[in-house]
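Below you will find the structure I want to go over with you.
Here, each number is a calculation from the coordinates, and none is a lab measurement. If you're wondering where the values come from, they're calculated on a predicted model, not measured in any experiment. Here the Cβ positions follow ideal geometry from the backbone for every residue, glycine too, while neighbour counts run over all protein chains shown.
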Amino acid sequence: MKQGPSPGEPRALSVNLISETADGLQGHGVHTAFIQTREALRSAGVDVRVNSSEPSDVVHIQTMGTRSFAALLRNRRNTVVSAHIVPQSLVGSFVLARFWLPVASAYMRVFYGLASRVVAVSPTVADQLEGSELRTPVRLVPNAIDVASSVPRPGEREVLRARLGVPDERFVVLCVGQIQPRKCIQAFIDAARGLPDVTFVWVGGMPFKRLTASHRRMASAVATSPANCMFVGEVPHGTTRSWYAAADCLFFPSMQETFGLAIVEAAAARLPLLLRDLPTYEALFGENYIAADDATFAPWLERLRDDSALRAHYATAATRLAWNYDTTRMTERLLTVYGEVVSENAARASARPRPIDVARRRLRPAVRWALSAWRNR
């Protein structure tokens, strides 16, 4: 039985995390963000519940499904919503998204508008939310990982490479993400065709199955990819560290991202980062990665393969990047946002008149009339 705090000891802040990925589809970054948030808050001494019906100081919603919407309606005044996606995130992710995008955009606006606070995972998301004239206050709290536990362990590289049949001296390029047009797997496959002496490994699948945009085309691209290009499918969350350990660089050609949690995971593993040149990354990661495009991806990969000093430079830069997004920083920011919500509700409660005061105020005219009638009887 869970014991409460001792007399005089302050009660721990209680936070109810609402996430439909906890017992649903898990092969995507939103689920990883949920796990990292849950563990970081627990490490900070927060009383964390998941999809609980118990009253909590704060309800922090991580997803946007029906369960989350119901929780939002029940707890509007103490609800924080994480904005992991914006409408454009759906294009190239789900089938026929362009046709139902207006409805999804309206739903997101209503959803975010009902919360007490919205947490944006990147400056790009924050700018888009504020530009939409959202009335709900927006706070920037980037996604994060526990960097120390993400660093590869001795032997992981050798074990996984042996399993894959990849020699230690061979250059390995890794991408981690869903297989969908938005992630631009075609650029990954094209680079593999142009560099046959390099092994390309893609970790991730299509968790949304036939709801994935261009499902048949994606399946065909994977099936017809060159022999030096491996698509290993979804892997358990706790095993991704081994895949980063086995690689020599991260190649992330995605065309649209709100953050890119896999990038920070790869950075913690000291992998040089080759990313598409997107404004989102510039605001988040500064100069700690290589910004490229379809025409320059392959030349950059060749340079990283052949130049050990260049790899070392960007490996050091990646480490610097990773520590900027350690969970300790995210926890501090989240607790600040939670504190705003709790304080706001406390002020609202103290300003609210007590029921007995309301009753006295309403009864006062009747009492005065009764006294007057008794005196004048």
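With no solvent and one equal point scatterer placed on each C-alpha of the range 14-141, evaluate the Debye formula and give log10 I(q)/I(0) for q = 0.09, 0.11, 0.20 Å⁻¹, two decimals.
One equal scatterer on each Cα of the range 14-141 leads to -0.24, -0.37, -1.25.
Now, a different point. If you count, for each residue, the other Cβ atoms within 10 Å and average over each peptide, how do 266-275, 117-126, 178-187, 318-327 line up from highest to lowest?
266-275, 117-126, 178-187, 318-327
Related question: Net charge near residue 328: determine it from the other residues with C-beta under 14 Å of the C-beta of residue 328, scoring Lys and Arg +1 and Asp and Glu -1.
-1
Given just the C-alpha atoms of the range 223-314, how large is their convex hull per residue in cubic angstrom?
In the range 223-314, the Cα convex hull volume per residue is 123 Å³.
Related question: What does the C-alpha gyration tensor say about the overall shape of the range 148-324? Classify as rounded when a/c is under 1.5, otherwise prolate if a/b is larger than b/c, or oblate.
The shape class here is rounded.
How many angstrom lie between the Cα centre of the range 237-273 and the Cα centre of the range 289-304?
Computed from Cα coordinates, the inter-centre distance equals 16 Å.
Counting other Cβ atoms within 10 Å, which trypsin sites (Lys or Arg not before Pro) in the range 210-241 have at most 15 and lie in a DSSP loop?
none
If you look at just the Cα atoms of the range 199-249, how large are its Rg and its Dmax in Å?
12.3, 33
For residue 287 and residue 42, what does the FRET efficiency come to when R0 = 45 Å and r is the distance between their Cβ atoms, rounded to the nearest 0.05?
That gives a FRET efficiency of 0.85.
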